[in-house]
């Protein structure tokens, strides 16, 4: 456990972020690399709020996980376009380098892992739920710690795997990092990995046994989070060791 | 993995920014105890039922309502009759 609980949080103030680079991750997903002048640092797994204001004053606000590690100078948000979304189509299709929008954060010390956390690390992601877990993996890689780590990553197809090459490279160079991909809808020819949703048998087969006391983080669409957390409890993992972050239908809370 | 989820709740952590407008220490890692069942959990792990104007956070053990938070033009409202304590 990390314990920043007692320290007062910096006030959550809106500030302007400027887009410095855009990375196309998949046909529906882009990463925005942001310069946030008064950024006070974050912990891997935290999120930010984004607020967009239309010319008529209408505001829309959404939460996005931070995908970059604290070690990076720019803040990376990885955004998936939801076709009926209010915010994500703008962020994915319209935003250009040099554009600015309002942001506040970091928010939430609950879904957080740092290299100071003891024990093996078990990460389970569905789709763009990889973003906060990528912040943890990138932080772990930058600090060169050898905590035994497993990433189980469920995507619909190979084309939709986010950070695919980076994750492959990361696990190739690190015998303590296991990467298990499952492609649930469409698999390329010769695919030897899993081809179904993450289920109990898969978790039992590749996951850490409860005796090793892994810290578990699950992020993705609600059904995946529900299933994986239930199966892990059935396999004997204590409920408090399993932290979950579900996507909402709109991706966040307005306030 | 459809976007059209029938299960509409999120994790308490997603309410952190709304609640953080009120609390000074990190609210998402505070312990909260349920009046109804006595179960203690972390605020970030509660079940969050979110609407555009606010949030209802329920106990993961008994589904009792622990926190109701609303942000209106007339101020921020926080109701916690279902919680025995918060521990930071």
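The angle separating the long axis of helix A:130-142 from the principal Cα axis of greatest extent in chain A is about 80 degrees. Within 10 Å of the Cβ of each residue in B:42-50, the mean number of Cβ atoms contributed by other protein chains is 4.
Diagonalising the gyration tensor over the Cα atoms of region A:121-246 and scaling each eigenvalue by 5 before taking the square root yields semi-axes of 20, 19, 13 Å, largest first. In terms of other Cβ atoms within 10 Å, A:168, A:174 run from fewest to most in the order A:168, A:174.
Using a cutoff of 8 angstrom between alpha carbon atoms and counting only pairs six or more residues apart, the relative contact order for chain A works out to 19 percent.
What the pair-distance distribution of region A:28-95 shows, using all Cα-Cα distances binned every 10 Å from zero, is 19, 51, 27, 3 percent. With the convex hull drawn around the C-alpha atoms of region A:64-142, the volume per residue stands at 121 Å³. Each of A:47, B:71 was scored by other Cβ atoms within 10 Å of its Cβ. Arranged with the fewest first, they read B:71, A:47. When you restrict to C-alpha pairs under 8 Å that are six or more residues apart and normalise by the size of region A:15-107, the relative contact order lands at 37 percent. Against the longest alpha carbon principal axis of chain A, how many degrees, from 0 to 90 and to the nearest 10, is the axis of helix A:222-234 turned? In chain A, helix A:222-234 runs at an angle near 30 degrees to the longest axis. In the protein assembly as shown, helical runs assigned H by DSSP with n ≥ 4 each contribute -39500 (n - 2.57); averaged across all residues and rounded to the nearest 500, the mean residue ellipticity at 222 nm is -4000 deg cm²/dmol. With N as its number of residues, the protein assembly as shown has a Cα radius of gyration that, divided by 2.2 N^0.38 Å, comes to 0.95.
Multiplying the residue separation of residue A:35 and residue A:84 by 0.36 nm and subtracting their alpha-carbon distance yields 14.9 nm.
Its residue count N sets the reference 2.2 N^0.38 Å, and the alpha-carbon radius of gyration of region B:5-87 equals 1.00 times that reference.
Is region A:168-234 best put as rounded, prolate or oblate by its Cα gyration tensor, with a ≥ b ≥ c the root eigenvalues, rounded for a/c under 1.5, and otherwise prolate when a/b is larger than b/c, oblate when not? Judged from the Cα gyration tensor, region A:168-234 comes out oblate (a/c at least 1.5, b/c at or above a/b).
Of the residues A:200, A:30, the one with the fewest other Cβ atoms within 10 Å heads the list, and the complete ranking is A:200, A:30. Each of residue A:20 and residue A:168 was given a label point 7 Å from its Cα along the Cα-to-Cβ line. The distance between the two points is 2.8 nm.
Taken together, the values in this text are just the output of simple stated rules run on the coordinates, not laboratory data. The shown structure was predicted, so the numbers you read here are calculated from the model rather than taken from an experiment. Heads up, the Cβs are rebuilt from the backbone with ideal geometry, glycines too, and the neighbour counts pull from every protein chain shown.
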